[in-house]
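Written out below as structure tokens is the structure these notes cover.
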Amino acid sequence: MKNIGVFTSGGDAPGMNACIRAVVRTALHLDIRPFGIRYGYEGMIEGDIFEMNARSVSNIIQAGGTILVSARSQAFKTKKGRAEAIDNLKRFGIEGLVAIGGDGTIQGAEKLCNESDIKVVVCPGTIDNDIYGTDYTIGFNTAINTALDAIDKIRDTAGAMDRLFLVEVMGRHSGFIALDVAIAGGAEGVLVPEENKGDLSNVYEVLEEGIKKGKRTNIIVVAEGDEMGGAEALAADLLKKFGIKSWVTVLGHIQRGGSPTARDRILASKLGSASVKALNKAKSGIMIGEVNGDITHTSFRDAYKKKKQLRKDELDLINILAN
Ligand code: ADP
Ligand code: F6P
């Protein structure tokens, strides 16, 4: 393999830069010319492609965001758009591609594989951690630590004024961020899309039990994809159905930014490097993951179709420890 391309796609995640750096430097190590593609699939269609060298990725390992910028592309969802993208990749002699992104990016990568002879592998990069075939995705660890920092601060003010706080975290349709943040932040409860089906009685029970035990402050972590429709909707319902007043904090996009944690930098470095090695061995159509410390290859179809499960015992832990 002579030339490869690398791009970031979908929602950015801390650690994407560390992954780009690993891709570029591993490629150079293997005498492969690395090309950067800006703005994900959109830039591929526009031909926004440039050659990179070792210095293109200097001093970026600690930076959040992505130096290749990211985008969501409607045009790439059409066959015409993908044909234009493939023409541009051919123009630069690109034989292999490393995509860094989430499940949407994997679905796009599968189409690219099916419609051309270009080899494509994906490094899972999303704060949501909702991808089958890897214990963790790049960006998740930083996002939970960012959210945790906010929750610790909220606990101070909640404790100072005897208040119930509902803290909404990201995660799209999954509750991985909510669950980890709830355990680490010592939350009294958590609402995740995988479990909660819009029934508020368990939240009410948790709060009522807490009052009986002499608890004065409560933090409930709410996943944005929860059936209730987020923390604002939950607050309105709690007031209407049970007369309970609460304070809402929506953490939002701060969870996507910031300097990646050591864990995310290491994961990104390992996955980025392994992705180039896989391409160099003519592998294609796979997502590179890490399971129990080992590098794994998962077919695109399994990666976006199979559902990574939340651990029930970790959900139970919240109730036990909120005692
Ligand atoms: P993420 O990769 O973070 O899940 P998106 O779901 O927005 O983010 O996907 C990123 C991009 O991947 C989309 O904007 C689109 O260009 C491409 N993509 C997603 N799904 C498909 C699909 N079914 N076919 C072709 N391209 C897709
Ligand atoms: O997939 C990452 C993510 O941050 C989700 O947690 C969230 O639902 C979504 O992206 C937000 O997307 P946008 O940045 O386009 O508002």
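No value in this document is a laboratory result; all are computed from the given coordinates. Worth saying up front: this structure is predicted, and the values here are computed from it rather than measured.
Where the convex hull is taken over the Cα atoms of the stretch 143-256, what is its projected area averaged over directions, in nm²? Don't jump to the answer; show the numbers that get you there.
Working: hull surface 24.7 nm².
Taking a quarter of the hull surface, the average projection is 6.2 nm².
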Theoretical gain in end-to-end length, Arg263 to Leu239 [0.36 nm per residue, Cα-Cα removed]: 4.6 nm
For the stretch 66-123 and the stretch 246-304, what is the centre-to-centre distance using only Cα atoms, to the nearest Å? 17
Please tell me which of these pairs span more than 18 angstrom C-alpha to C-alpha: Lys2/Lys283; Lys111/Lys305; Lys2/Lys79; Lys277/Lys308; Lys119/Lys281? Lys2/Lys79; Lys277/Lys308
For the chain, give the share of DSSP beta bridges that are antiparallel, in percent and rounded to the nearest 5; count only bridges with both residues there. 20
Using bins 10 angstrom wide from zero, how does P(r) for the stretch 123-203 break down, in % of all Cα pairs? 18, 45, 29, 7, 1
For the stretch 173-322, give the share of DSSP beta bridges that are antiparallel, in percent and rounded to the nearest 5; count only bridges with both residues there. 65
Square roots of five times the C-alpha gyration tensor eigenvalues of the chain, ordered largest first and given in whole Å, equal 41, 18, 16
Using amide H atoms built 1.01 Å from N in the peptide plane, name the residues 5+ places from Thr296, or on other chains, whose amide H lies under 5 Å from its own. Gly289, Glu290, Val291
With θ set to phi - 60°, apply the Karplus curve 6.51 cos²θ - 1.76 cosθ + 1.60 along the stretch 286-292 and write out the HN-Hα couplings as whole Hz, x wherever there is a Gly or Pro. 10, 9, 8, x, 10, 10, 6
How big is the C-alpha Rg of the stretch 70-178 next to the rule-of-thumb value 2.2 N^0.38 Å, as a ratio? 1.49
